[in-house]
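The values are calculated or read from the model by the stated rules, or taken from the named source; none is laboratory data. Just so we're clear, the structure is a prediction, and the values are computed from it rather than from any experiment. All Cβ positions, even for glycine, are placed from backbone atoms using ideal geometry, and neighbour counts span all protein chains on display. Remember, those area values only see protein heavy atoms, side chains included, never the ligands or the DNA or RNA. Shrake-Rupley method; radii C 1.70, N 1.55, O 1.52, S 1.80 Å.
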Amino acid sequence: MEYKTLGRTGLKVSTLCLGTMNFGDVTAKDDAFAIMDGARDAGINYFDTADVYGGPQKPDMEKGYGTSEEIVGEWLARGGRRDSLVLATKFYQPMQTDPNGRGLSAYHIRQAVEDSLRRLGTDRIDLYQMHHSDMSVPRDELWQALDILVQQGKILYVGSSNHAGWQIATTHAAAQARGSLGLVCEQTYYNLMERTAELEVL
């Protein structure tokens, strides 16, 4: 397996990342365990999930599932060698039905990280990614909440996902103004048929 640094960090990750979006929905738990075992045996040290994963993903979904994180957490508890893995998850999507159960407010971030840590059965999230942009939240509020989590050791790095180029630039510039490390990477939807990322992000 080949390893490269993750974005602007010194963190070494495998060039292949195991995505777990289908765990708990399309992929049963026992099959998910076998997939994770195989990935580790192949040298993949970078696993990605999200709080919302575990069922059908829809833009207007009422509430996420948490199932994928729970399955990854169970696998880690069975000897998944947590300290040799780079574990990434995401936040933003609705995980409760009340108005504050989604988005990038400090209120939601605090709740989301604690819930993800509990489901994953770990004391830290190596890469915590904003699943979508929420420009209604002041950037200072966003980064104050995330900086506190970094200081507490609950997260190590912050990334974005599904962000437009201008959203990445605006959010990262706000972090730099505060003296924060800011965004270290962007996870974007990009393949031979979906090439929107070429317009701004790449």
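Condition first: open to solvent by 20 Å² or more (accessible area, probe 1.4 Å) and farther than 19 Å from residue 99 by Cβ. Now tell me which residues in segment 59-71 satisfy that. So that I can check it myself, show each step before the final result.
Residues of segment 59-71 open to solvent by 20 Å² or more (accessible area, probe 1.4 Å): 59-60, 62-63, 65, 67, 70.
Those that are open to solvent by 20 Å² or more (accessible area, probe 1.4 Å) and farther than 19 Å from residue 99 by Cβ: 65, 67, 70.
Are any residues in segment 53-64 over 15 Å from the mean Cα position of the chain (by Cα) and either among the polar types (S, T, N, Q) or at pLDDT 95 or above (or both), and if so, which ones? I'd like the intermediate steps shown before the answer.
Narrowing segment 53-64 to residues over 15 Å from the mean Cα position of the chain (by Cα): 55-63.
Selection gives 57 alone.
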* Asked: Would you say residue 35 is farther than 21 Å from residue 201 by Cβ and touching a Cys at 6+ places or on another chain (Cβ under 8 Å)?
  -> no
* Count of segment 4-25 residues which are open to solvent by 60 Å² or more (accessible area, probe 1.4 Å) and within 16 Å of residue 55 (Cα to Cα) -> 3
* Structure fact -> Taking segment 75-96 and the residues there that are assigned to a loop (DSSP other than H, G, I, E, B) and in contact with an Asp or Glu (Cβ under 9 Å, 6 or more places away or on another chain), the one that is surrounded by the most Cβ atoms within 10 Å (Cβ to Cβ) would be 92
* Residue count for segment 155-202, restricted to those that are of a type in the set (Phe, Trp, Tyr) and within 16 Å of residue 141 (Cα to Cα) -> 0
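Specify which of the listed residues (50, 32, 28) is surrounded by 16 or more Cβ atoms within 10 Å (Cβ to Cβ) and over 17 Å from the mean Cα position of the chain (by Cα). If you could, list the steps in order and put the result at the bottom.
Values: 50 fails: over 17 Å from the mean Cα position of the chain (by Cα); 28 fails: surrounded by 16 or more Cβ atoms within 10 Å (Cβ to Cβ).
That would be 32, the only listed residue that is surrounded by 16 or more Cβ atoms within 10 Å (Cβ to Cβ) and over 17 Å from the mean Cα position of the chain (by Cα).
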* Consider only pairs whose beta carbons are under 8 Å apart and that are at least six residues apart or on different chains; among these, list those whose first residue lies in segment 106-123 and is more than 20 Å from residue 72 (Cα to Cα) and whose second residue is acidic (Asp, Glu) and part of a helix (DSSP H, G or I). => 106/141
